[in-house]
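Before any comments, here is the structure.
The values are calculated or read from the model by the stated rules, or taken from the named source; none is laboratory data. Here the structure is a predicted model, which is why all the values come from computation and not from measurement. Counting neighbours? That spans all protein chains shown, and the Cβs are built from the backbone with ideal geometry, glycine included.
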Ligand SMILES: Cc1ncc(COP(=O)(O)O)c(C=O)c1O
Ligand SMILES: Cc1ncc(COP(=O)(O)O)c(C=O)c1O
C-alpha cells in the first residue's frame, strides 16, 4: 500500500536575481496568510522553528482519518498500513539525508534527544574518566549539556574549540585540541547564531587522524533545512536534526547512525518495540533501529516528516541552497547599511546559512523584537540557547532574523525598515 | 489569547441497557467511516492505540495553520500564542487527571519515556546495589525493561509480585514482598492483557507502611482512557500515560509528579528549555516541569492532547466508565458462549477495563486475527508487550479485543460471529 | 470469505498444521537451533543430522500459528535426504518466493509452493520464514559457507 | 506605530533606561543579590543597606532591555529610605499590577505605575519583574519573614 500526498507541480526558477518563485511556495504555507497586529506576518524566526506546508498538514490529517493504528505488532489492515507508512517515512527521510540504508535512521523527538541518546547509550558504555569530548564554542545547549552531565557523572572532560573574531572555528586551535584522549568530537554543522557553516568533513578527518577511534557527531539541525546534506559524505558516525526546523511537524527528529556504531551501542530507553525477548530474569534487545525506539513511536509525525521531505525534494534542495545563499547575501548587505548594528559571523554568504544575528548599539534586542512584532516582523531575541557563544561575543543577547524557503528579498527590506522605525521610535537616528 | 475548538453539544444518555449515544460519538471519529476488505471497520484494538476525534485533528490543523512557533523564548506574537497554547494544554491535561498544579505535569513522548525518565533520573540518583524495585507479573514491558536495565547497571534487584489464577494481583504475596529494602513500587493500574484494575491506592499504602520512603509509581496508560483517574487520590508519587491511547495524537504522553518528587529529581535529558544558565564550566537547571522537557517540545501534539481532554470532559469520564463496564460485561458474556475459548482475567466487569484477551484451543491467535481482519474486525494477537505474563498464562500469544468509547454491543456481536466464522473456516465446530 | 484467504489457508497447509511431519526429536542431532519471532511469540526447535554434506535427518518442532507450523513441516519433508547445497538453494528460492521474486532458473519448489500465497499477507511472511531463517542459522553452524 | 506600544514605552521609562538612577555600587552593602532571567539573558546586581528595618541605601545595576533597566531604576528610586515592610507592600503591589489585579487598599504605587502598561505584553512581564524578584530574594536574606 502506498499513500500519495498532493504535491505541487512547479519548476523552481532559481536565479539569484529573482525570488525563486517564492510566491508559489508561499501559497503552500497556510500560516503566511495570517495578519499580526493588522500587518501581514513577516516570519523571520525559522531557525527556531519553520512553518509547515499544507502537504505536511494534509499527511497528518490523512494518517489520522484513514490509517491510524499502532505499528509493528499488528496483524489487522490498519496496523499493516500504519507500519508501512511509518517505515516508508523512514526510507524517505534516510534517503533525503544520504544515509546508506533506512535502518541507519532512528526516529527521536528532536535533535536534543538524539544527542542525549548518544551521550547516554554510547557515552556510558564507552567513555571513562579522563576521556575527552571536544565541542566548539558555538554549540547549541543541546550539544553541551548532555556532555556536561556525563562529565559530572563519569569524570570525562569537555573541551571547547574556540572561534575566531569572524565567527569561524579556529582551525589551528582545533588541531591542538585533538589528541588520542579525544574520544568524541561533536560539532554543530551550521551555527544557529553566527550562521557559519563549519567545514565538518575536514574537521572530522583531522580528529580521526589524531584519534583513530573517535566518535564523530554532527548536529545538522540548521543545515538540513537549508542545503543538501549527505550523511555518508560528511565523515561522521552520527548525525542529528529536528523535523520542526525543516518544515516538518513538532515532536519528531532523527538520529542517523552508521551500522557499525548502531551495532556497538546498547539501548537507551527500555520498553515495548525495542526488545527481543523479556523474561523475569532479563531481556534481550532488537536490532537497530528498533533497539533505539522504545514504546509507541510518534507514528503520525514520522509519516508527516516523510511527506515533508517529499515536498522538499520537489522544491529541490539545490534550489533551496541557492535561495538561502541569496537571501543571506542580501540580508547582510542591507543590514550593513544600519551603522548602529553589529552583525555577527563571516561576511561571505557561501560560508553561511540564511540567518543574521545582530546587536544594535542603542536598542536592546528585546525592545527591538517587541517593536518589530508590532510591525508584523517576527524575529527572535536572546541567547538562542547558546549562552557560551553569547558570552564569547560579549553581549547578553542578540536579535536574529532567520530565513526559510518562503522568505523574500522584499521581506528583508521590511525587516530593515522595521529596524529603522524601531530606532526612530526610541529616539535614535534611523 | 485562547483558541476554541469546535466541540460537540450532546448529552450522553448513559444507561447500561443502551449504547451511550455511540452513534453520535462515532460520527466524531472520521476513521470509523472506513471500509476494510469491503466491510465497515470494527476497530477493537483500542488498547494498542485509539482512533482520534475530529476535535483532536482540527486542533492540530488549527495550530499549524494559525499559531505555529517555538515556545518559551520568543517575543513575537506567534511565539506568545504557541507558548500560551502549550501551557494551556498542560493545565487542561493536569486538571483532567487530578494533578494539583499544572507544574506537576511533564510532557513526554509516551508512557514508556515517562517510566524511563524515572528510572534514569530518580533511579540513578537514589538507588544503590541491593535496593529493591517491586513490580508485578502483569506489567507491560515499559514497566519492566527500564528497571532491568538499571538492575544490570547498578545492582538493584527487581522483584515480581505474582498474580492468582483469576488474573488478580496476589495480595498476600505482595505484602510478603514489600520490606524496608523496597525503594520503588511500580504498578500497572489496569492490565492491558487481563483487563484487571488493580487496587493501587491500597497497594501503595501497604508498600508505604512497610517502607516509608518508597517511590510509588503508577502506569495508568490503560485506565486514563477508560475511567476518571485522579492522580492525587491514588497515593502515588508519579504516574504515566500515553496520549495516543486516550484518543489523542501519537508522540505525546505525560509524566505526573508530586512537587516534592520533582524537586528531588535531577534532570534527565540535557539541552535547551531545561537550563537556567550554561557556561563552559557547567550548567544549572530550570525548575520543574521545564527541567524535564529538554529541547523543543512536541508543541502541536501537546495542544491537540489538550483539545482531546476537552472532548473527553464533554463526553464525561463517568459516562465513559459506565460504557466501558457495560461493554466489558457484554463481551465477557458473549465470548463465554464459545466453548473453545479461554478468556483471561476476573469475571466481574467492575474489576476490569473494557478489553478481553482470549485463547482458542483450536485456532492460533495469529490465524484468528488474520481471518477476523478479512471480516473487517481488527483485533490484536501476540504477547501484547507483556511476555512474562504470557508465560505465566502458559500461552505463547493471545488474541485481544479492546474497546473504546465508540464501540457498541453490536460490534461485540460481530466479533463473536467472526470468531465462529473463523473456527468454521478452519474446519472446527463454530 | 474472500478468495485471497483461501490462498493463504490452502488445504495442504491446514493438513500440515494439524499433523506436522518430522516433528519427533532426533536421537543424535549434530546441531540444534532455536527460532523465535519476538513480534508474535512463535517459537520452534530445529535439529539436523548431517553426514557427508547430506541432511540425513531433521526435526522441526513448532509452537506457533498454522503458517509457521505448516512451513516447518513442509521444510522437514522437503529437505530430508537432500544435500546441504540443495537445501541452501531451496532456502534462497523460498525467500524469493515470499518476496514476490522469480525463482532461480530451473529451481523446483515442489510442495513448498503452497506457501506462495503468504506473500499477499505481509504481516504473516515472518511466520512462514521462521523455520527457514532458523535453518539458515543451523546450516551456518554445521557447514559454514 | 500602535498606541499600545506607547503604553509600554512611556517617556518616563525611556528616560530611566537612558539614565538609570541608583546604579552606583554601594560601598558597604549588607546584602548583594544577582538576578538572572534564563529565557532572555537579562542580568542585574542589587545591593541593599538596611538599618533598623529601613532601606538606607540601595543600588541596582542592570544589563538588560529597557523594561528591566527602567524597572530597576524605578525600584531604586521608590525604595530608598523606605521601611522594609513598605518595600514588601510595594513588591506585592507591583506583582499584582502586572498580573492585572487591583492593588491592595490604599496602596500608592507612585511613579511605578508607568510600568502598568507592561501587563499587555505578556512576554515582557518577566523583564519588569526581574528587579523585584531579585529584591524579594535579597529581603529574605536580610530579614526573613
Ligand atoms: C499498560 C501499558 N503501559 C504502558 C504502555 C506503553 O505505552 P507506549 O507504547 O505508548 O509508551 C502500554 C501500551 O501498550 C500499556 O498498555
Ligand atoms: C544547531 C541546533 N542544534 C540543536 C537544536 C535543538 O533542536 P531541538 O530543540 O529541536 O531539539 C537547535 C535548535 O534551536 C539548533 O539550532
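Here is a list of conditions, (1) more than 16 Å from ligand 1 (Cβ to nearest atom); (2) within 23 Å of residue A:273 (Cβ to Cβ); (3) more than 7 Å from chain B (Cβ to nearest Cβ), and residue A:60 meets all of them except one; can you say which number that is?
Here residue A:60 clears every test but (3).
Within segment A:235-257, can one find any residue that is within 16 Å of ligand 1 (Cβ to nearest atom), crowded, with 21+ Cβ neighbours inside 10 Å and more than 23 Å from residue A:56 (Cα to Cα)?
Step one: list which residues in segment A:235-257 are within 16 Å of ligand 1 (Cβ to nearest atom), which gives A:251-252.
Next, only the ones that are crowded, with 21+ Cβ neighbours inside 10 Å stay: A:251-252.
Next, from what is left, pick out any that are more than 23 Å from residue A:56 (Cα to Cα): none.
Looking for residues that are within 16 Å of ligand 1 (Cβ to nearest atom), crowded, with 21+ Cβ neighbours inside 10 Å and more than 23 Å from residue A:56 (Cα to Cα), one finds none in segment A:235-257, hence no.
May I ask you to list the residues in segment A:90-132 that are touching a strand residue (DSSP E or B) at 6+ places or on another chain (Cβ under 8 Å) and away from ligand 2 (no atom under 16 Å from the Cβ)?
Result: A:90, A:94, A:99, A:104, A:105, A:122, A:123, A:126, A:127, A:130, A:131, A:132.
Looking at segment A:155-172, which of the residues that are out of contact with any helix residue (DSSP H, G or I) (no Cβ under 7 Å at 6 or more places or on another chain) and within 14 Å of chain B (Cβ to nearest Cβ) is nearest to ligand 2 (Cβ to nearest atom)?
Going through the qualifying residues, I end up with A:160.
With the requirement that a residue be in contact with a helix residue (DSSP H, G or I) (Cβ under 9 Å, 6 or more places away or on another chain) and closer than 19 Å to residue C:77 by Cβ, what does segment C:32-57 give you?
Within segment C:32-57, the first condition is being in contact with a helix residue (DSSP H, G or I) (Cβ under 9 Å, 6 or more places away or on another chain), and the residues that meet it are C:32-48, C:50, C:53-55.
The answer is C:33, C:35, C:44, C:45, C:46, C:47, C:48, C:50, C:54, C:55.
Applying the selection to segment A:182-191, what residues are touching a strand residue (DSSP E or B) at 6+ places or on another chain (Cβ under 7 Å) and in a loop (DSSP other than H, G, I, E, B)? Don't jump to the end; show me each part of the working.
Here is the first cut: in segment A:182-191, the ones touching a strand residue (DSSP E or B) at 6+ places or on another chain (Cβ under 7 Å) are A:182-190.
Result: A:189, single match.
Quick one: which of B:296, B:279, B:284 is farther than 20 Å from residue A:246 by Cα, touching a strand residue (DSSP E or B) at 6+ places or on another chain (Cβ under 7 Å) and assigned by TED's automatic domain parsing to the domain that holds residue B:255? Lay out the reasoning, then the answer.
Values: B:296 fails: farther than 20 Å from residue A:246 by Cα; B:279 fails: touching a strand residue (DSSP E or B) at 6+ places or on another chain (Cβ under 7 Å).
Matching residue, one of B:296, B:279, B:284: B:284.
Against the condition surrounded by fewer than 24 Cβ atoms within 10 Å (Cβ to Cβ) and either out of contact with any strand residue (DSSP E or B) (no Cβ under 7 Å at 6 or more places or on another chain) or modelled with pLDDT of 95 or more (or both), how does residue A:153 come out, does it pass?
Numbers: surrounded by fewer than 24 Cβ atoms within 10 Å (Cβ to Cβ): yes; either out of contact with any strand residue (DSSP E or B) (no Cβ under 7 Å at 6 or more places or on another chain) or modelled with pLDDT of 95 or more (or both): yes.
The answer is yes for residue A:153.
Looking only at helices (runs of 4 or more DSSP H) that lie completely in segment C:1-100, which have at least 2 residues being within 14 Å of chain B (Cβ to nearest Cβ) and in contact with a strand residue (DSSP E or B) (Cβ under 7 Å, 6 or more places away or on another chain)?
On the way: elements: C:3-8, C:11-18, C:66-79, C:84-98.
Of the helices (runs of 4 or more DSSP H) lying wholly inside segment C:1-100, those with at least 2 residues that are within 14 Å of chain B (Cβ to nearest Cβ) and in contact with a strand residue (DSSP E or B) (Cβ under 7 Å, 6 or more places away or on another chain) span C:66-79.
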